Amino acid sequence: HIDRMTPARALAAMLDNQAHALTAVKTALPAIERGAVAAYQRLYQSETGRLIYVGAGTSARIGVQDGAELLPTFNWPDHRVEFLIAGGSSALLRAVENAEDNAETAAAQMANMAVGHDDVVIGLAASGSTVFTTAAIASAKQAGAVTIGIANNPGTALLAMAEYPILLATGAEIIAGSTRLQAGTAQKICLNLISNMIMVKMGFVVDGMMAEMVPTNAKLRRRRAEIDAKLSRS
């Protein structure tokens, strides 16, 4: 009954609830490792293979946040990361009615993207039953891509469909059904682990530093110079 609490108690309760996200990710580490290693191996074997994030609503936004940071952080080519968002890019800012229920659109868009054997497709859905995301993963799997499914509910369609299922069992939310809370936090951590592991294995991290970081402003140019100086001495 968070709406009946004082602000101090409500904030403390929300924080305690969010802590479950980390526990869920720790429990899922073996599955996360399997997915990350498979993704690295597939992307390493191809110069054109893409990392493709699929989702609706909160899950789509979390996927875009993760993938959009790969270019500046690791110099991962723009053409090797894609996003398939229920309702299109406008759905990142505003909800699009019924977009997540359209399996035909998901399958058609995967076909238009020419998803194939060289690609890695990550589908995110807190419920594990989002029609758009499950249909996209099904299409990608049929096309021969590596498929990773990340969900917060067990025994769901997305986990059954994906070649590498990852269950983040965060449990009930303190605001019932609001997946932007611990479910979203767990998804964000999980994607961070997967994408960073891929980039580390690809050789974009040397001595714990972002060896391929792209300096796009004055702060990053100074950091780039510091990294280059440290690497030249190692």
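The values are calculated or read from the model by the stated rules, or taken from the named source; none is laboratory data. Treat the numbers as computed from the prediction; the structure is a model and nothing was measured. Positions of Cβ are generated from backbone atoms using ideal geometry, with glycine treated the same way; all protein chains shown enter the neighbour counts. Remember, those area values only see protein heavy atoms, side chains included, never the ligands or the DNA or RNA. Shrake-Rupley method; radii C 1.70, N 1.55, O 1.52, S 1.80 Å.
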Write out the trypsin sites (Lys or Arg not before Pro) in segment 153-234 meeting two conditions: DSSP loop, and at most 16 other Cβ atoms within 10 Å of their Cβ. ARG180
Over the C-alpha atoms of the chain, what are the Rg and the largest Cα-to-Cα span, Dmax, in Å? 18.6, 59
Of all the accessible heavy-atom surface of segment 1-114, with the other protein chains kept in place and a 1.4 Å probe, what percent is carbon and sulfur? 54
So, over other residues within a Cβ distance under 10 Å of ALA10, counting Lys, Arg +1 and Asp, Glu -1, the net charge is +1
Net charge near LEU193: determine it from the other residues with C-beta under 13 Å of the C-beta of LEU193, scoring Lys and Arg +1 and Asp and Glu -1. +2
Under 16 Å from the Cα of LYS188, which lysines turn up, not counting those fewer than eight places away in the same chain? LYS26
Relative contact order, percent, segment 1-153 [alpha-carbon distance under 8 Å, six or more residues apart]: 24
Sort PHE83, PHE132 from largest to smallest accessible area, using a 1.4 Å probe on the heavy atoms of the protein chains. PHE83, PHE132
Nearest 500 deg cm²/dmol is fine: what mean residue ellipticity at 222 nm does the chain get from its DSSP H runs of n ≥ 4 alone, each adding -39,500 (n - 2.57), divided by its residue count? -16000 deg cm²/dmol
Total formal charge among the other residues, if their Cβ is under 10 angstrom from that of SER46, Lys/Arg +1 and Asp/Glu -1: 0
In straight Cα distance, which aspartates and glutamates are under 18 Å from LYS230, not counting same-chain residues fewer than 8 positions off? ASP207, GLU212
Considering the chain as a Gaussian network with a 10 Å cut-off on Cα pairs, which listed residue, ALA143, ALA13, ALA126, attains the greatest mean-square fluctuation? ALA13
Assigning unit charges at the beta carbon (Lys, Arg +1; Asp, Glu -1) and nothing else, what dipole magnitude in debye, to the nearest 20, does the chain show about its Cα centre? 780
Pick from GLN45, GLN187, GLN109 the residue whose mean-square fluctuation is largest in a GNM of the chain, springs joining Cα atoms under 10 Å. GLN45
Leading residue at positive end of dipole, the chain (Cβ point charges), from GLY203, ALA162, ILE148: GLY203
Under a 1.4 Å probe, what is the accessible area of segment 1-75 per residue, stated in Å²? 54
Out of TYR44, TYR164, TYR53, any idea which swings most in a Gaussian network model of the chain, alpha carbons joined below 10 Å? TYR44
So, R0 is 41 Å and r is the distance between the beta-carbons of HIS117 and LEU15; what FRET efficiency does that work out to, to 0.05? 0.40
With no solvent term and unit scatterers on the alpha-carbon positions of segment 101-234, Debye gives log₁₀ I(q)/I(0) at q = 0.11, 0.12, 0.13, 0.18 Å⁻¹ of -0.55, -0.63, -0.71, -0.96
Compute the longest continuous run of the chain that contains no exposed GluC sites (Glu not before Pro); treat a site as exposed when its DSSP state is not H, G, I, E or B and it has at most 10 other Cβ atoms within 10 Å. 98-234
